Amino acid sequence: MLGIGKVGWIEKDAPVAGPYDAIVKPLAVAPCTSDIHTVWEGALGDRKDLILGHEAVGEVVEVGTEVKDFKPGDRVIVPAITPDWRSEAVQQGFQQHSGGMLAGWKFSNFKDGVFAEEFHVNDADMNLAHMPKGMSLEQAVMLPDMAPTGIQGAELARIKPGETVAVIGIGPVGLMSVAGAAILGAGRLFAVGNRQVCADLATEYGATDIIDYKKGDIVEQILKATNGRGVDAAIVAGGSSDSLGQAIEITRPGGTISNVNYFGSGDTIPIPRLAWGNGMSHKDIRGGLVAGGRLKMEQMVDLAVYNRIQPEKMVTHVFDGFENMEKALLLMKEKPKDLIKPVVLLE
């Protein structure tokens, strides 16, 4: 990111590992919609000459003197969120915000990201996970961000077996929210989206109903389908700032609205007063940055290895070589109808 609305190549000094850190060479990376918000909406404010990217798997090049569990040559999964584990926020139970709000998200936010020949990982023993032998790079690179973010959407929604759930937005995060809701036991499962490639995969992941926002107001469609009752839980995984209001409208009193969407523009997010019961509906609105760190990555690995999730099915476009990084990023910006997720292989 050269500045708001501008991307390009840049030369920087190689990163240096501290005693607890690692330097990693990427083997596969994936552009994210968050990168698009950051660059073209200025969602985090202006950033000058900041290397983008926070989704990567790679090979360890160097480790600090205090790193115990990793060594050069190890193939690793690198979480998008790399907290400072020696912090008060971790003791409070919110490692994502170690160092300040959202500060556990370092790559392409406060420090250079992974779209580089080498990148720095803080607190390597706590922020890296070993990549299993035989796992494809396409599957592995969906685990740093897409899988845990989407599944956290389901976790924040507090889904109970048999409950009716809606997922608004079925890009890659929303698709993983659908998969997560199915794992947690959702009964009827609405998936809101328009692109056929996403709708087909949502159905494969467990959606029972596809709601096409181009065929009418999604609130009206879901309320009609539920005989006016609404859903027990709604997960916002995409869309504009209006998506949160729509989620509130379709959720029954006492239900839960979960947000894992990155709202990239605007100063406020509207809440519909009447649908929120003038503030007294007992509709619980919850949102959070995805958890990072080694344990979360190892949990995602087990979900994939034991076939609870198949995140590699979201990879629709594969590029080879460092020189195609920008092409993949711009594809994520353009979002053609056949796209879910692009991946760049660097091995």
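Just so it is clear, none of the values below were taken in a lab; they were calculated from the coordinates. For clarity, every value in this text was computed on a predicted model and none was experimentally measured. When we count neighbours, we look across all protein chains shown, and the Cβ atoms used for this are built from the backbone with ideal geometry, even at glycine.
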- Item | Residue list for the range 282-318, restricted to those being over 23 Å from residue 31 (Cα atoms), assigned to a strand (DSSP E or B) and more than 18 Å from the chain's Cα centre (by Cα) | 284, 285
- Note on the structure: Selection from the range 79-114 of residues under 17 Å from the mean Cα position of the chain (by Cα), part of a loop (DSSP other than H, G, I, E, B) and touching a residue at least 60 places away in the same chain (Cβ under 8 Å) yields 79, 80, 81, 82, 83, 102, 104, 105, 108, 109, 113, 114
- Considering every residue within the range 36-55, establish whether at least one is assigned to a strand (DSSP E or B) and within 24 Å of residue 117 (Cβ to Cβ). no
- Task: Go through the residues of the range 53-66 one by one and say whether even a single one is closer than 18 Å to residue 326 by Cβ and either surrounded by fewer than 16 Cβ atoms within 10 Å (Cβ to Cβ) or of a type in the set (A, V, I, L, M) (or both).
- Result: yes
- in contact with a Leu (Cβ under 6 Å, 6 or more places away or on another chain), closer than 19 Å to residue 306 by Cβ and in contact (Cβ under 8 Å) with a residue 12 or more places away in the chain - does that describe any residue in the range 179-193? yes
